[in-house]
Amino acid sequence: MVIYSWNVNGIRAVAKKGFGDWMASASPAPDVVCLQETKAHPEQVPPEVAYPEGYEAYWCPATRKGYSGVAVFSKVKPGKVHYGMGIDRFDLEGRYLRLEFPKFDLLNIYFPNGTSGDERLQFKMEYYDAFLEHCETLRKKEKKKLVICGDVNTAHKEIDLKNAKQNEKNSGFLPMEREWIDKFIEHGYVDTFREFCKEPDQYTWWTYRANARARNIGWRIDYFFVTRDLLRKVKSSFITPEVMGSDHCPIGLEIV
């Protein structure tokens with residue numbers, strides 16, 4: 001199974017920038033496409049985009065229109081789909097979809113951004129903690145193996161952003177945000193990309209300012225994590241920075 005994850009920063013916008021062509025021509029070809037920050041309800045999107053031919057489509061929009069939201073397009077019909085963690089103040093923002101497949105559950109998550117002030121940073125950290133507790137419940141009580149993808153909105157290590165020192169006091173690279181990723185990994189969740197690539201200058205998001213993308217001044221804030229019991233099944237984990245249309249690029253995982 002080939003799974004892609006992409007923060008599209010508005011599906012209506014990316015639909016006008018070649019999203020359909022990418023879906024048709026991406027290599028390796030996607031079996032599942034997980035989108036974050038869709039910023040739309042499906043009825044606001046052209047039908048051929050909202051429900052791509054050959055895919056089952058699942059949408060979890062935010063209650064507030066034009067904000068947040070996740071969607072999954074899958075060639076394989078899941079056994080069951082879950083919309084949200086079951087915590088209203090988080091789920092109203094449309095940040096969580098979980099699809100049950102025979103060999104693992106796939107979680108598509110758009111984690112909160114903490115850059116707009118202390119209140120949202122606190123919300124982000126509370127979401128982080130609730131999410132880890134949720135994943136641990138799935139593993140321990142339901143014996144689930146998990147593939148987790150999405151925009152985590154934090155660069156983990158200095159290697160994961162261009163200007164680490166200048167961003168140490170900015171949300172997205174704060175010590176407490178990075179420490180949560182440490183804790184998450186310590187609980188048995190593997191950052192798959194770093195299993196295949198140890199090189200610097202590998203990013204998934206670039207600000208629209210100062211020609212940052214052309215200069216590759218970016219951050220790696222989009223991830224595929226798997227529970228350690230799935231790691232041997234992962235054949236590749238990759239970034240596709242050449243794909244345009246959003247301030248993020250798609251990332252991919254191939255798992256057998």
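The values are calculated or read from the model by the stated rules, or taken from the named source; none is laboratory data. From a predicted model like this one, the values you see are computed outputs, not experimental measurements. A quick note on method: Cβ atoms are made from the backbone with ideal geometry, for glycine too, and the neighbour counts reach across all protein chains shown. These area figures cover heavy atoms from the full protein model, side chains too; ligands, DNA and RNA do not enter into them. Shrake-Rupley method; radii C 1.70, N 1.55, O 1.52, S 1.80 Å.
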Which residue fluctuates most in the GNM of the chain (Cα springs below 10 Å): Ala210, Ala164, Ala15? Ala210
Multiplying the sequence separation of Tyr208 and Ala24 by 0.36 nm and subtracting their Cα-Cα distance, what value in nm do you get? 63.6 nm
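Among all lysine pairs in region 145-256 that are eight or more places apart or on different chains, how many have alpha carbons less than 18 angstrom apart?
Numbers: Lys145/Lys233; Lys145/Lys235; Lys157/Lys165; Lys157/Lys169; Lys157/Lys183; Lys157/Lys198; Lys162/Lys198; Lys198/Lys235.
Pairs that pass both the separation and distance tests number 8.
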If contacts are Cα pairs under 8 angstrom and at least 6 residues apart, what is the relative contact order of the chain in percent? 19
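Size of the dipole of region 25-152 about the Cα centre, Lys and Arg at +1 and Asp and Glu at -1 on the beta carbon, nothing else charged, in debye to 20?
Roughly 420 debye, rounded to the nearest 20.
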Relative contact order of region 165-256, pairs being alpha-carbon contacts under 8 Å that are 6 or more residues apart, as %: 26
Under a point spin-label approximation (7 Å from Cα along Cα-to-Cβ), what is the Ser236-Lys141 distance to one decimal in nm? 3.9
So what's the gap between the Cα centers of region 124-151 and region 192-251, to the nearest angstrom? 21
Protein accessible area in region 181-256, 1.4 Å probe - carbon and sulfur %: 52
May I ask which residue of Pro28, Gly172, Asn9 lies farthest towards the positive end of the charge dipole of the chain, with charges of +1 (Lys, Arg) and -1 (Asp, Glu) on Cβ and the Cα centre as origin? Pro28
Please work out which option in (1) 1.08; (2) 0.93; (3) 1.02 gives Cα Rg over 2.2 N^0.38 Å calculated from these coordinates, and answer with its label. (2)
Mind telling me which of Leu132, Leu35, Leu107 comes out most flexible in a GNM of the chain, alpha-carbon contacts under 10 Å? Leu132
Over the chain, with the other protein chains present, what is the accessible area per residue in square angstrom, probe 1.4 angstrom? 45
Out of the total accessible area of region 91-179 (probe 1.4 Å, heavy atoms of protein only), what percent is carbon and sulfur? 47
Relative contact order (%) - region 90-134, alpha-carbon pairs under 8 angstrom, separation at least six: 25
